1. So for Asp194, Asp61, fewest C-beta neighbours within 10 Å to most, what's the order?
2. More than 24 Å apart: what percent of Cα pairs in the chain qualify?
3. Please give the FRET efficiency for Lys99 paired with Lys175, using the beta carbon to beta carbon distance and R0 = 30 Å, rounded to the nearest 0.05.
4. Counting other Cβ atoms within 10 Å of each Cβ, which GluC sites (Glu not before Pro) in the stretch 108-215 have at most 12 and sit in a DSSP loop?
5. Under a Cβ-only charge scheme (Lys and Arg +1, Asp and Glu -1), can you give me the dipole magnitude of the stretch 70-219 about the Cα centre, in debye to the nearest 20?
6. Rounded to a whole number, what is D in µm²/s for the stretch 22-82 from Stokes-Einstein with the Kirkwood radius over alpha-carbon pairs (37 °C, 0.692 mPa s)?
7. Using the membrane-span-like helix rule (whole DSSP H runs, Cα extent along the own axis of at least 30 Å, mean Kyte-Doolittle hydropathy at least -1.0), which helices of the chain qualify?
8. Please compute one quarter of the surface area of the Cα convex hull for the stretch 144-204 and express it in square nanometres.
Amino acid sequence: MSISINLQEIKSSIPESITLVAVSKTKPVSDLMEAYDAGQRIFGENKIQEMAEKYEETPKDIQWHMIGHVQRNKVKYMAKFVSLIHGVDSLKLLKEINKQAKKHNRVIDCLLQIKIAKEDSKFGMSFNDASALLQSNEFSELKHVSIVGLMGMATFTDNLSQVETEFKLLKSTFKILKILNPKLLTISMGMSGDYKLAIDCGSTMIRVGSSIFGSRNYQ
Ligand SMILES: *Cc1c(COP(=O)(O)O)cnc(C)c1O
């Protein structure tokens with residue numbers, strides 16, 4: 001099995017307008033570099049410390065996406081280099097990202113994570129919370145963050161019609177919130193098992209790990 005072949009297969013099966021985030025979590029830098037050498041420049045990690053270590057060891061034209069749940073006290077470790085934070089789920093977190101971005105004289109792009117799955121284990125905001133955040137004065141005062149879209153994770157299930165319903169919910173949420181905030185452009189949804197369905201439902205950014213790098217073993 002070859003990482004570069006997997007990557008080429010996925011890229012040739014999706015429209016060019018779709019952004020592919022190669023999810024390299026748990027994988028060694030050597031695997032990541034195989035994807036890099038095949039042309040991939042956007043990588044996703046779900047742990048800030050692991051991402052920061054990989055950032056130090058890899059070429060500086062890589063765009064690093066934080067796709068996991070973000071702890072506020074760790075934002076400082078990625079503020080100088082992260083290019084997109086997918087999992088923003090509170091104003092409190094956004095304020096911390098703003099504070100750390102300011103120290104580096106940056107504006108950090110973020111996605112609001114919307115809870116679309118029925119599972120309790122999934123993080124994310126309700127439509128009402130996201131809508132209130134986007135219209136709040138407190139948010140309008142944050143000059144070092146920019147909300148550029150939404151992210152969602154479907155329920156982990158074989159029931160594709162349920163997954164489809166959840167993806168469509170994210171798309172319709174996006175359409176309404178975009179009226180409040182025209183800066184919203186990105187819908188991050190779809191992983192190895194469901195990215196084709198996600199694209200059919202309106203995804204603009206997919207996060208694919210195991211279909212590129214092989215299955216992960218957590219030890
Ligand atoms: C791990 C992960 C992915 C990639 O999952 P695969 O099934 O390996 O493609 C996508 N999104 C998030 C948030 C993840 O944590």
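1. On the way: Asp194 22, Asp61 7.
Going from sparsest to densest Cβ surroundings: Asp61, Asp194.
2. Details: 9879 of 23871 pairs.
So the portion of pairs separated by more than 24 Å is 41 percent.
3. On the way: r = 31 Å, r/R0 = 1.04.
Plugging the Cβ-Cβ distance into 1/(1 + (r/R0)^6) gives 0.45.
4. Here the sparse-neighbourhood loop sites are Glu119, Glu141.
5. Numbers: 22 positive and 13 negative charges, 156 e Å.
Using Cβ point charges on Lys, Arg, Asp and Glu, the stretch 70-219 gives about 760 debye.
6. It diffuses with D of about 284 µm²/s by this estimate.
7. 160-180
8. Numbers: hull surface 17.4 nm².
Projected area, direction-averaged: 4.4 nm².
Values quoted throughout were computed directly from the atomic coordinates according to the rules given, and no laboratory measurement underlies them. Here the structure is a predicted model, which is why all the values come from computation and not from measurement. Methodologically, a virtual Cβ is constructed for each residue, glycine included, from the backbone with ideal geometry; neighbour enumeration extends over all protein chains shown.
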